[in-house]
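The values are calculated or read from the model by the stated rules, or taken from the named source; none is laboratory data. Treat the numbers as computed from the prediction; the structure is a model and nothing was measured. Don't worry about glycine lacking a Cβ; one is built from the backbone with ideal geometry, like all the others, and counts go over all protein chains shown. Keep in mind that these areas ignore ligands, DNA and RNA; they rest on the heavy atoms of the full protein, side chains included. Shrake-Rupley method; radii C 1.70, N 1.55, O 1.52, S 1.80 Å.
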There are 2 protein chains.
Amino acid sequence: VNEFSLINQYFTECGQSAYPIDIDIGDDAAVLSVPSSSQLVMTMDTLIENVHFPSSTSASDIAHKALAVNLSDLAAMGATPAWFLLSISLPEANEQWLKEFSQSLCHQAKKYAIKLIGGDTCQGALSITIQATGMIEQKPLLRSGAQMGDYIFVSGALGAAAMGLNIVQNKVSNIENKETYIHSLNCPTPRFDVSNLVKPYAHAMIDLSDGLLADLGHILKASQCGANVYLDRVPMPSALKQSNQYHFALSGGDDYELCFTVPIASLAEMNLILQENNVKVYEIGQITSAGLNVYHDGKGELVDLASINGYQHFG
Amino acid sequence: VNEFSLINQYFTECGQSAYPIDIDIGDDAAVLSVPSSSQLVMTMDTLIENVHFPSSTSASDIAHKALAVNLSDLAAMGATPAWFLLSISLPEANEQWLKEFSQSLCHQAKKYAIKLIGGDTCQGALSITIQATGMIEQKPLLRSGAQMGDYIFVSGALGAAAMGLNIVQNKVSNIENKETYIHSLNCPTPRFDVSNLVKPYAHAMIDLSDGLLADLGHILKASQCGANVYLDRVPMPSALKQSNQYHFALSGGDDYELCFTVPIASLAEMNLILQENNVKVYEIGQITSAGLNVYHDGKGELVDLASINGYQHFG
C-alpha cells in the first residue's frame, strides 16, 4: 500500500467547494482562504468497523455515512460545508472497495458542495476519520441557546436507524420493509434543508446521533433548563408506533435528524418559510425550567424513562 | 467507554493558541475566527499501532509523535500552529494510558501554542488521528518552488529514527546509545525554529517523513527539476557515518527534519540570521535541471542508488 498512489488515484478532484482552495492535495498541507465575513466551524468523526458499522456494510454506504455524520454536525451548527480531510485505514488495498468507496464519497461531497483537500491512507483495521470544515456568516446555532417556553422541534422520523441496527444484528426478524430501516442506518441525510431555513429563528440546535433523549439532554444541560416532550407528537415509522416500540425513537441513535428550539414569537414566520419551501418539521414539546419529562400525550401521564436505555453503539 | 466523559476528563484545556476560539470543545463543532490577513493551512495524519509505531511504544511517546508529525507538516509550509482535532481509538478505556497520553499531548500542545478544539474517542484497534490547522501571513512554502541553482539544505542529522526502528525491531544489536536512536524515532521535533527563520529566503520546503531521497524527490517532481546531493555533507549520527550505513540517512524515514532550497542571492542574509539565532542548517547539494544524483563527495563518484530501498513503514 503506497498512500500517495492511493490518494492520487481515487481521490483527486473529490467534491466541490464554494470556498477558495489556494493549495490543494499534494503538498505537505492544504492552503485555504477564509472570507473575512465568515467564522470557521470544525468537526471530526471516526467510523470503525464493528463499532460504528457492521462488517457487512458496503464500501459505498460506509463512505456515505462517514461524510454524512460530519456534515450533520455542520448542519447542526448552521454552517455551510467548505472542505474536508480524510484518513482511511484499510486491511488491504482492495481496488474494488476503494473504487466503490471513493465514488460514493465524491458523489456525496459534490452534492453537499464540500471538497477533499488532504489526509492519508494506511494499512490497518478498517476505520475512516473525516474532519470537515464549514463556514458561518451569522451566529452559530449552539446547544446552549434554549430558553424557557421555546417549542422543541425535530426534523423527521426517529427510530428507523436503531431498528435497522437491530435487523442487521439479527435481533428482530418479523418486520416488513427491512431494507428501508437498514438504509436509514447506513445512509443518513444531513438536514441542511431544515438547518438553512430555521437558523434565523432557532435558539438552540443539535443533531440526533445518540438518540432524542440523550441529545435533547445535551441541549438542556448546556442551556440549564428542562423540557416536556409529548410522545404522541414524536414522528416515527408507523410500524414502530403501532407496536409501541417507541424506545427506538426516544433512545435509538444514528438518525441524524436535527432537534432545535424556537421561541413562540418566531413560530409563525418560521412555519411560513418552511411551508413555502415544502419542508416539514415536527413540534414535540416545550422547554421548561428544569427536568426532562416525557408524557404519553397532553393528558399528563408520564412515560417511565427508567425502562429506556441510552443508545449504545453497535458492538 | 463513553466518548464524552473521556474527552471531558482528559482533554479539557489541552494546549493553548494565539488564535481565537469562539466555541470550544463541547458543542456539535468548534467555532473559530481567522484573522483577515491569514491563510489557513490544514493537515491530517494517522498513527496506527504496529504500522507507524511498535506496540512497545509508551502512551507518552505515541502522543508526542502523533502531534509532532502534524506540526512538522505545518512547519514545512511555513505556518504558525493554531488548533487541532483528535480522534483516538483504543482497545479499552485504560485510565493510566489515557492519563499518560493526554499529559504528553497537552504538554506538547502548550509548547507549540496549539489548542485541542474537538474530536472523538472510540473503542477499536489503537489508532490516533490528528488534524492540525495553522496560519500563514506571508506566502506558503511549497514543494513546487525550487529553482535551478538553488542550494539544498537539511535542518539536522538524518538516519537516527530509521536506526531506532531497526533497534526496536531487533534487527540491530551491536550499537551504542540505543536509547538515543529510539528517542529519535518516537519523539521527533517539529522544526519551527528553522522554518520561522528561513521562510523569507526558501524557495521550496518539505519535511522528511519518508526519507531524504523520497522527499527531495517530491520537491524535484513538483518543481520539475533535478538535484546533485553530496553524501559527505549529509549530516548523520557519527556511528552511521563511520560504519558507512548511509542508507539510513538517505532512505530512512521518520526524522521530521526539514529539507529546503535557497537561491544563492539569499544565502548570505539567511546565514547571518541563522547565526544570530544560533540555529544550524546543513547545505547538502544543489538543484539542477533534471535527475537526482548522489555523489560521495565533490569529486564526482556516484553513489549506487539502486541498492538503496525507499523507506517502508514499520510492519
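Of all residues in the stretch B:127-144, count the ones that are outside any strand (DSSP E or B) and more than 7 Å from chain A (Cβ to nearest Cβ). First the steps, then the outcome.
Step one: of the stretch B:127-144, the residues outside any strand (DSSP E or B) are B:137-144.
Still in the running and more than 7 Å from chain A (Cβ to nearest Cβ): B:137-139, B:141, B:144.
Residues flagged as outside any strand (DSSP E or B) and more than 7 Å from chain A (Cβ to nearest Cβ) within the stretch B:127-144 amount to 5.
Identify, from the list A:SER55, A:SER102, A:SER37, the residue that is under 24 Å from B:THR43 (Cβ atoms), more than 19 Å from the chain's Cα centre (by Cα) and of a type in the set (S, T, N, Q). Step through it out loud before you land on a result.
Numbers: A:SER55 fails: under 24 Å from B:THR43 (Cβ atoms); A:SER37 fails: under 24 Å from B:THR43 (Cβ atoms).
The conditions single out A:SER102.
Can you name every residue in the stretch B:111-126 that is open to solvent by 20 Å² or more (accessible area, probe 1.4 Å) and within 10 Å of chain A (Cβ to nearest Cβ)?
B:GLY119, B:GLN123, B:ALA125
Is at least one residue of the stretch A:93-107 within 14 Å of another protein chain (Cβ to nearest Cβ), open to solvent by 10 Å² or more (accessible area, probe 1.4 Å) and at pLDDT below 95? Spell out the reasoning first.
We begin by selecting, within the stretch A:93-107, every residue within 14 Å of another protein chain (Cβ to nearest Cβ); these are A:93.
Of the ones still in play, those that are also open to solvent by 10 Å² or more (accessible area, probe 1.4 Å) are A:93.
Now restrict to residues that are at pLDDT below 95: A:93.
Yes - at least one qualifying residue is present in the stretch A:93-107.
Only residues that are more than 19 Å from A:ARG191 (Cα to Cα) and surrounded by 17 or more Cβ atoms within 10 Å (Cβ to Cβ): list them for the stretch A:267-291, please.
Going residue by residue through the stretch A:267-291, those that are more than 19 Å from A:ARG191 (Cα to Cα) are A:267-269, A:285-291.
Once the filter is applied, which keeps residues that are more than 19 Å from A:ARG191 (Cα to Cα) and surrounded by 17 or more Cβ atoms within 10 Å (Cβ to Cβ), the stretch A:267-291 yields A:GLY285, A:GLN286, A:ILE287.
Looking at the stretch B:192-204, I want the residues that are touching a residue at least 40 places away in the same chain (Cβ under 8 Å) and have a partner that is acidic (Asp, Glu) and open to solvent by 10 Å² or more (accessible area, probe 1.4 Å) with Cβ atoms under 7 Å, at least 6 apart or on another chain. Which pairs are those?
Short answer, once both residue conditions are applied: B:TYR201/B:GLU269.
Those residues that are open to solvent by less than 30 Å² (accessible area, probe 1.4 Å), of a type in the set (D, E, K, R) and either more than 19 Å from A:TYR256 (Cα to Cα) or assigned to a strand (DSSP E or B) (or both), I need them from the stretch A:174-233; list them, please.
If the condition is that a residue be open to solvent by less than 30 Å² (accessible area, probe 1.4 Å), of a type in the set (D, E, K, R) and either more than 19 Å from A:TYR256 (Cα to Cα) or assigned to a strand (DSSP E or B) (or both), then A:ASP207 is the only one that fits.
Anything in the stretch A:274-307 that is modelled with pLDDT of 95 or more and of a type in the set (Asp, Glu)? List them, or say none.
Within the stretch A:274-307, A:GLU276, A:GLU283 meet the criteria.
When the residues of the stretch B:142-173 are filtered to those that are modelled with pLDDT of 95 or more and among the polar types (S, T, N, Q), which remaining residue is most open to solvent (accessible area, probe 1.4 Å)?
The qualifying residue most open to solvent (accessible area, probe 1.4 Å) is B:GLN147.
Collect the residues in the stretch B:247-256 that are part of a helix (DSSP H, G or I) and open to solvent by 10 Å² or more (accessible area, probe 1.4 Å), keeping them in residue-number order. Before you say what the answer is, go through the steps one by one.
Here is the first cut: in the stretch B:247-256, the residues part of a helix (DSSP H, G or I) are B:247-251.
Within the stretch B:247-256, B:HIS247, B:PHE248, B:SER251 meet the criteria.
Of all residues being among the small types (Gly, Ala, Ser) and closer than 22 Å to A:GLY15 by Cβ in the stretch A:25-62, which is surrounded by the most Cβ atoms within 10 Å (Cβ to Cβ)? Just the residue, please. Show your work before the answer.
Pass one, the stretch A:25-62, residues among the small types (Gly, Ala, Ser): A:26, A:29-30, A:33, A:36-38, A:55-56, A:58-60.
Now restrict to residues that are closer than 22 Å to A:GLY15 by Cβ: A:26, A:29-30, A:33, A:38, A:58-60.
Details: A:GLY26: 18, A:ALA29: 28, A:ALA30: 26, A:SER33: 13, A:SER38: 18, A:SER58: 14, A:ALA59: 20, A:SER60: 20.
Across the stretch A:25-62, the extreme among qualifying residues is A:ALA29.
Could you pull out the residue among A:ASN244, A:ASN271 that is farther than 21 Å from A:ALA146 by Cα, of a type in the set (S, T, N, Q) and either at pLDDT below 95 or outside any strand (DSSP E or B) (or both)? So that I can check it myself, show each step before the final result.
Values: A:ASN271 fails: farther than 21 Å from A:ALA146 by Cα.
Of A:ASN244, A:ASN271, the one residue that is farther than 21 Å from A:ALA146 by Cα, of a type in the set (S, T, N, Q) and either at pLDDT below 95 or outside any strand (DSSP E or B) (or both) is A:ASN244.
Could you pull out every one of the strands (runs of 3 or more DSSP E) wholly within the stretch B:6-88 that has 3 or more residues that are within 11 Å of chain A (Cβ to nearest Cβ), more than 27 Å from A:HIS218 (Cα to Cα) and modelled with pLDDT of 95 or more?
On the way: elements: B:21-23, B:30-32, B:39-48.
The qualifying strands (runs of 3 or more DSSP E) are B:39-48.
Inspect the stretch B:165-173 for any residue being part of a strand (DSSP E or B), among the hydroxyl-bearing types (Ser, Thr, Tyr) and more than 10 Å from chain A (Cβ to nearest Cβ) and give the result as yes or no.
no
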